[in-house]
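For reference, the structure discussed in these notes is given below.
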Amino acid sequence: MGYGKALYGGHFYADENSNTEDEKFCVDLMKYLPEYWHTVEEMKLIQSILGQEVASVIDCKKDIINQMFIETATWGLSRWEKIFDLETEVNKSYEFRRERIKAKIRGSGTTTKQLIINVVSSFSGGEVEVIEQPEQSSFIIKFIGVKGIPANMVDLTNTINEIKPAHLAFSFEYTYNYWNTLIDRDWSTLNKSTWEQVKTV
């Protein structure tokens, strides 16, 4: 490759040729130089060091961009939590913290039955039903898509208290397996579990 045939800058660091496993942590800068530099060991060493720095900058750029989106944020989740006035709990998983932020976003605005369904679904990861009881000034949240008691119930309860009208009470109703729903199941497998486990399989 002559210098006049492939000018420096004719390729980009992020092109498909540089996105390989070998160059994951070191961008090959030698290919951007004229061929007469390719046999100079000092130049190869310098470009190798610079290539590692360029790769580091590219990785940092990608990481920063990831923090701009809830689904990919990690260390940037604390910023999202601050925006939506949520307590930062670094001992909780990234997935849990993301779901709580998304639930907070869904909970913005006027509270409706559908809004509560959306918020609860984001916490439980399954279908839910809201049963209104206007004569009792209350409503029931019934978990349909998840058997047993879902995780994160404390945070879910706190979130519902934040978005529901103050005069309404609420309760939860859980779904379990019963004998008649287990008739077609393989009991040779179920026998290895406790009844508490069988109720939620």
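The values are calculated or read from the model by the stated rules, or taken from the named source; none is laboratory data. Just so it is clear, the structure is predicted and the values come from calculations on it, not from any experiment. Please note: Cβ atoms are built from the backbone with ideal geometry, for glycine as well, and neighbour counts cover all protein chains shown.
So that you can scan it fast, the table gives a plain yes or no per residue for (1) loosely packed, with under 14 Cβ neighbours inside 10 Å; (2) assigned to a loop (DSSP other than H, G, I, E, B):
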site: Lys44; (1), (2): no, no
site: Ile49; (1), (2): yes, no
site: Lys61; (1), (2): yes, no
site: Phe69; (1), (2): yes, yes
site: Ala73; (1), (2): no, yes
site: Glu81; (1), (2): no, no
site: Leu86; (1), (2): no, yes
site: Asn91; (1), (2): yes, yes
Say we look at segment 107-128 and pick out the residues that are crowded, with 19+ Cβ neighbours inside 10 Å and out of contact with any strand residue (DSSP E or B) (no Cβ under 6 Å at 6 or more places or on another chain); which of these is farthest from Thr159 (Cα to Cα)? Ser122
Could you check Tyr13 against (1) modelled with pLDDT of 90 or more; (2) among the aromatic types (Phe, Trp, Tyr); (3) not assigned by the TED database to the domain that holds Lys104 and say which number it fails? (1)
Checked against (1) farther than 17 Å from Ile160 by Cα; (2) under 25 Å from the mean Cα position of the chain (by Cα), Ile117 satisfies every condition except (1)
Options Tyr36, Tyr32: the member that is more than 30 Å from Asp155 (Cβ to Cβ), in contact with a Phe, Trp or Tyr (Cβ under 7 Å, 6 or more places away or on another chain) and not assigned by the TED database to the domain that holds Ala103: Tyr32
Would you confirm whether any residue within segment 88-98 is in contact (Cβ under 8 Å) with a residue 24 or more places away in the chain, charged (D, E, K, R) and under 24 Å from Gly148 (Cβ atoms)? yes
Restricting the first residue to segment 117-130 and requiring it to be under 17 Å from Arg97 (Cα atoms), which pairs with a second residue that is assigned to a loop (DSSP other than H, G, I, E, B) meet a Cβ separation below 8 Å and a spacing of at least six or different chains? Val119/Gly107; Ser121/Glu127; Phe123/Pro150; Phe123/Asn152; Ser124/Pro150; Gly125/Pro150
Whichever residue in segment 133-179 is part of a loop (DSSP other than H, G, I, E, B) and among the aromatic types (Phe, Trp, Tyr) and, among such residues, is surrounded by the most Cβ atoms within 10 Å (Cβ to Cβ): Tyr176
Which of the residues that make up segment 97-156 are closer than 25 Å to Glu87 by Cβ and among the charged types (D, E, K, R)? Arg97, Arg98, Glu99, Arg100, Lys102, Lys104, Arg106, Asp155
